[in-house]
Structures are given as structure tokens and as C-alpha cells.
Amino acid sequence: MNRFALLLSAAFGLTHATHAQDLALAGGSGDAAINALYAEGERAYQRGSYEEAIALFTKVLDQDAEHLNAYLQRGFCHSLTKRYELAVADFSAVIGRKPDHLWAYTSRGSAYNKLQQYDKAMRDFDHVISLAPRNEEAYNNRGWARKGSGDPAGACKDWRTSQRMGNAEARIILTNNRCK
């Protein structure tokens, strides 16, 4: 797992990052200057300079409000800096423009979990599961939302489903949460 995936996993409580094609979005600019600015933001992000990356992605969006990758990456930076409300706004901007983007729903649901807005988190994870029923990440994260909302039996059921789908960490989660 690369550094990006590890940081994202830690920030969101995710067990693994999705494939690169799941993160890729249409909606970037054909403008070379905007693309260079975006690439600079990516480099700052990869260095762990999240504030700098946020500023750069914001500049990209000031020039191209349809640059969906900039919203997505800025949302990740906001999550990594624990600004979950801002992360929700950025992930919502992606969803509003590309309603089938599963990673944006997963990321927004994880931010809602951090905000203890468990009903909203569950709706996002339910949506991911409806579109991708084999998405172990959505089951795992919905388990955390269910636990937070006071449904430990539902949480255990989701974690068991995630484990059956191959989530190696689910066994530990099940044990630590005393799921039978």
C-alpha cells in the first residue's frame, strides 16, 4: 500500500484505498497552466503538505470550477486535517457533478462518520452498496456508522460481510467489538 493509501486509510478509518481508476475523474481542464497548478497541488499532497495542497487546489477551482479531481483531492486534504465539514462539501461537489462516483460517496460517508452524522454516513454507504454490492469497504464503514448510531448487531453483521468479501482487518474489528 502506498503512502497515499495509508494516509487515506488512517484519516477515514478505511481498510484499503480503492484502485486508481476509482479515483480518476473526468472534468479536468485542458488549460496547461491549470494542469500545472493541479500537478503542484498533487506534489504538495504527496509530501504531506496538506495546507499548501488545499491552497493550490483552491486556486485550480477558482480558475476551473468543474475540475473534479481538485475537489476530490482537496476533500482528502480537508479530511486529513480534520476539517470534515469542508471535506463533505468537496465530496458533495464531486457527487453533484458525477453522481456515480463511488469513492466520493465512500469518502463523504467516512467524513460523516467522523462528524457523528451516522444517518447520513449510512445513506452514503447504502448507495455505494446498491451500486457495487461487493464493495467490502462500504460494508466495513457502514458497520462503524451502525455502531456509532447504537446498532451493534447491525455493525457486526456488516463487518462479517466485509470479512467474507476478503477484508483482512474485519476479523480484528469483529474481535475487538466482541461480535459473535
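No value in this document is a laboratory result; all are computed from the given coordinates. All values reported here derive from a predicted model rather than from experimental measurement. Neighbour counts are summed over all protein chains in view; Cβ atoms, including those assigned to glycine, are modelled from backbone coordinates with ideal geometry.
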* Asked: What is the packing order of peptides 141-154, 121-134, taking the mean over residues of other C-beta atoms within 10 Å and listing the highest first?
  -> 141-154, 121-134
* In nm, to one decimal, how far is the Ala168 label point from the Ser130 one, both placed 7 Å along Cα→Cβ? -> 3.4 nm
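Run the dipole for segment 116-180 about the Cα centre, Lys and Arg Cβ at +1, Asp and Glu Cβ at -1, nothing else charged, and hand back the magnitude in debye, nearest 20. Write out the running numbers ahead of the final one.
Working: 12 positive and 8 negative charges, 59 e Å.
In total the dipole reaches around 280 debye.
Using only the Cα atoms, what convex hull volume per residue in Å³ does segment 116-180 have?
Details: hull volume 4.3 nm³, N = 65.
Convex hull volume per residue, Cα atoms: 66 Å³.
Quick one: net charge of Tyr84's neighbours, Cβ under 12 Å, K/R +1, D/E -1? Intermediate results must be reported in sequence, preceding the final value.
Numbers: positive: Lys82, Arg83, Arg108, Lys114, Lys120; negative: Glu85, Asp90.
In short, +3.
Suppose every K and R has +1 on its Cβ and every D and E has -1 on its Cβ; what is the size of the dipole of segment 28-180 about the Cα centre, in Debye to the nearest 20?
Details: 22 positive and 19 negative charges, 199 e Å.
The calculation lands at about 960 debye.
How long are the semi-axes of the equivalent ellipsoid of segment 19-134, taking √(5λ) for every eigenvalue λ of the Cα gyration tensor, in whole Å from largest down? Could you put the intermediate results ahead of the total?
Working: eigenvalues 116, 51, 25 Å².
Gyration-tensor ellipsoid for segment 19-134: 24, 16, 11 Å.
How high is the FRET efficiency from Lys180 to Asp119, r the C-beta distance, R0 30 Å, rounded to 0.05? Spell out each step's value before the answer.
Working: r = 26 Å, r/R0 = 0.86.
It comes out at approximately 0.70.
Just want to confirm a number: the relative contact order over segment 116-180, from Cα pairs under 8 angstrom separated by 6+ residues, in percent. Before the final figure, lay out the partial values.
Values: 71 pairs, mean separation 17.8, N = 65.
Once normalised by length, the contact order is 27 percent.
From the P(r) of segment 90-151, could you give the percentage of C-alpha pairs in the tail past 15 Å? The partial results should precede the final answer.
On the way: 762 of 1891 pairs.
Looking at segment 90-151, the distances longer than 15 Å represent 40 percent of pairs.
Taking 0.36 nm per residue of separation and subtracting the Cα-Cα distance, what length does fully extending Lys157 through Ala36 add? Can you show the working numbers first?
Working: separation 121, 0.36 × 121 = 43.56 nm, distance 4.58 nm.
Gain on stretching Lys157 to Ala36: 39.0 nm.
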